[in-house]
2 protein chains.
Amino acid sequence: MADRNATNLMGRGESLLFLTDDQLRRAIEAMFFAYRGFTADPDRILHDYGYGRAHHRAIHFINRSPGTTVNNLLSILGVTKQSLNRVLRTLVEDGLVDSRVGIRDKRERHLHLTEKGNALERALSEAQRTRMRDAFRNAGPDSVAGFRAVLEQMMDPDMRRHYLNGGDGPR
Amino acid sequence: MADRNATNLMGRGESLLFLTDDQLRRAIEAMFFAYRGFTADPDRILHDYGYGRAHHRAIHFINRSPGTTVNNLLSILGVTKQSLNRVLRTLVEDGLVDSRVGIRDKRERHLHLTEKGNALERALSEAQRTRMRDAFRNAGPDSVAGFRAVLEQMMDPDMRRHYLNGGDGPR
DNA sequence: AGTTTAAGTCAGCCTTGTTGACTTTCCAAG
DNA sequence: CTTGGAAAGTCAACAAGGCTGACTTAAACT
C-alpha cells in the first residue's frame with residue numbers, strides 16, 4: 001500500500017532511498033519557503049529604491065557579464081524584450097546602467113553598471129550572500145555539495161547551460 | 001588577498017570549507033535558475049486553465065490542510081487578504097474550491113477542494129513531484145539530505161514554522 | 001538590392017501584489 | 001443587555017511587471 005506512492009531512488013549505486021509522495025511534497029514546500037527567504041532581503045532593499053525583482057535580475061546579470069548585450073540578457077532572463085526594456089530604461093534613466101552602442105556591431109547595445117549601479121549591486125548581493133553563507137553554516141559543510149547538485153538537476157537544460165557558463169566559464 | 005572574500009565555514013566540526021564570494025554567487029544563481037525549472041511545469045498546466053502561480057499556491061495549501069481558514073492561509077502565503085481573496089473567488093466560482101461558513105465561528109470560511117479541484121491539484125503536484133524525483137535521482141541519493149538542510153536554513157523563522165508544522169506535524 | 005537581425009517603441013491585456021473603505025460576526029466590558 | 005472594538009472576509013481601485021502584436025530604425029549579411 002505504502003509502496004504504491006514510493007519511488008526507488010538508485011543513485012550511483014552507493015545507497016538506496018525510498019521517497020514517498022509526502023516526502024516529495026515536503027521538498028516542494030521547502031523550495032517554496034526557501035525561495036521566499038532567499039528573495040526577502042533584496043526585496044526590502046529594492047523597495048526603498050522603488051524597484052522590483054526584475055530590476056535586481058537585470059543588475060545581477062549585467063554585473064556578472066559586463067558589456068553583455070540586450071539580446072544575451074533576454075535569453076538568460078527568459079522574458080520578452082518589451083518587459084526587459086521597460087526595466088532597463090528606468091535603470092539607464094536613473095543612472096545605474098550605462099548602455100553603449102557596439103563598436104563592431106553598432107546595432108548592439110553593451111550594458112555596464114555605473115558606479116551608482118555597482119553600489120546597489122553590492123548592497124543586494126551582500127545581503128543575499130550573507131543569507132546563503134549563514135544557511136550553509138547552519139546546515140553544515142557536508143550539505144553544500146548536495147544542495148548544489150540537486151538545484152543543478154532541477155534546472156531546465158537551457159538554463160543549466162547559462163548556469164554552467166556563468167562568470168569564469170568558457171567564453 | 002583571496003582570503004578577503006572567503007568565508008570560513010565550520011560545520012559540526014567535521015570538516016572545513018572556504019566559500020569565496022564567487023562561489024556564493026554561483027549558489028545564488030543556482031537558486032534562481034532552479035526555481036524557474038521548479039515552477040515551469042505547473043506554470044504550463046495552469047496557463048491552460050487561465051490560472052497563475054497564486055492559484056497553485058492556494059490549491060496546494062488547501063489540499064495540505066483541508067478545512068483551513070482564509071486567515072490561516074494568509075499567514076502561510078504572506079500576501080494581503082485582498083490579494084488572496086481575488087484568487088479564492090475565482091477558484092470558488094470555477095467550482096474548484098468549496099468555501100463553507102464556520103459552524104463555531106460564522107466569520108470564518110473553511111476551505112476544501114472539490115473533486116474538480118482535487119483533479120487539478122493532482123496534475124500540478126504530479127508534475128512537480130516528477131521533476132523533484134528526477135532531480136534527486138540524477139543528483140544521487142546522498143544529495144537529498146544536504147538539499148533539504150540548506151533550504152530549511154534559508155527560510156525566515158516564521159516560514160520555517162509553517163514548513164515544520166506542515167501536514168502530519170503537531171496540530 | 002533585398003533580407004535578416006538587434007534594438008527599441010507604442011498600445012493593450014492579464015496576473016498578482018498593494019491600500020483604503022466597508023460589512024458581518026463575535027466577544028467582552030460597562 | 002447593550003455597545004464598542006476586534007476579527008474575518010469582501011469590494012474597489014491602483015501599480016508592477018509579465019505577455020502579445022504591430023511597427024520603426026539601423027546595421028549587417030548574402
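The values are calculated or read from the model by the stated rules, or taken from the named source; none is laboratory data. Quick caveat: nothing in here was measured; it's all calculated off a predicted structure. No Cβ is skipped: glycine too gets one built from the backbone with ideal geometry, and neighbour counts run over all protein chains shown. Keep in mind that these areas ignore ligands, DNA and RNA; they rest on the heavy atoms of the full protein, side chains included. Shrake-Rupley method; radii C 1.70, N 1.55, O 1.52, S 1.80 Å.
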Shortest-first distances to equivalent copies, position A:Asn138, nm, label 7 Å out along Cβ: 2.9
Go through the range A:77-86 residue by residue and turn each phi into a ³J(HN,Hα) via Karplus (6.51, -1.76, 1.60, θ = phi - 60°); whole Hz please, and just put x for glycine and proline. 7, x, 10, 7, 5, 5, 5, 5, 4, 4
Axis-nearest residue in chain A [Cβ, rotation onto B], distance in whole Å: A:Gly146, 1
From the Cα trace of the protein assembly as shown, what convex hull volume per residue do you get, rounded to a whole Å³? 171 Å³
Just going by the charge dipole of chain B, with Lys and Arg at +1 and Asp and Glu at -1 on Cβ, which of B:Phe18, B:Val87, B:Leu120 is farthest out on the positive end? B:Val87
Using the Karplus curve 6.51 cos²θ - 1.76 cosθ + 1.60 with θ = phi - 60°, what ³J(HN,Hα) values do you get for each residue of the range B:159-165, in whole Hz, with x for Gly and Pro? 6, 4, 4, 4, 5, 6, 6
Please compute the alpha carbon radius of gyration of chain B, then divide it by the globular-protein estimate 2.2 N^0.38 Å. Two decimals is fine. 1.27
Size of electric dipole in chain B: Cβ of Lys, Arg +1 and of Asp, Glu -1, about Cα centre, debye, nearest 20: 540 debye
Counting only residues 5 or more places away or on other chains, whose amide H sits under 5 Å from the amide H of B:Thr20 once H atoms are built in the peptide plane? B:Thr7
Surface accessible to a 1.4 Å probe, B:Lys81 within the full protein complex, Å²: 130 Å²
Tabulate in residue order the Karplus-calculated ³J(HN,Hα) for the range B:117-130, using 6.51 cos²θ - 1.76 cosθ + 1.60 with θ = phi - 60°, rounded to whole Hz; enter x for Gly and Pro. x, 4, 5, 5, 4, 5, 4, 5, 6, 5, 4, 6, 5, 4
Label points for A:Lys106 built 7 Å along Cα→Cβ; distances to same position in the other copies, nm, shortest first, come to 7.6
In nm, what does the list of distances from A:Glu93 to its counterparts in the other copies look like, shortest first, when each label sits 7 Å along Cα to Cβ? 3.3
Could you please report the charge total around B:Ala119, scoring K, R as +1 and D, E as -1 over all other residues with beta-carbon less than 15 angstrom from its beta-carbon? -4
Amide H within-cut-off set for B:Thr114, under 5 Å, with H built and near neighbours excluded: B:Val97, B:Asp98
Under 5 Å between amide H atoms, partner at least 5 residues away or on a different chain: which partners does A:Asp156 have, H built in plane at 1.01 Å? B:Gly37
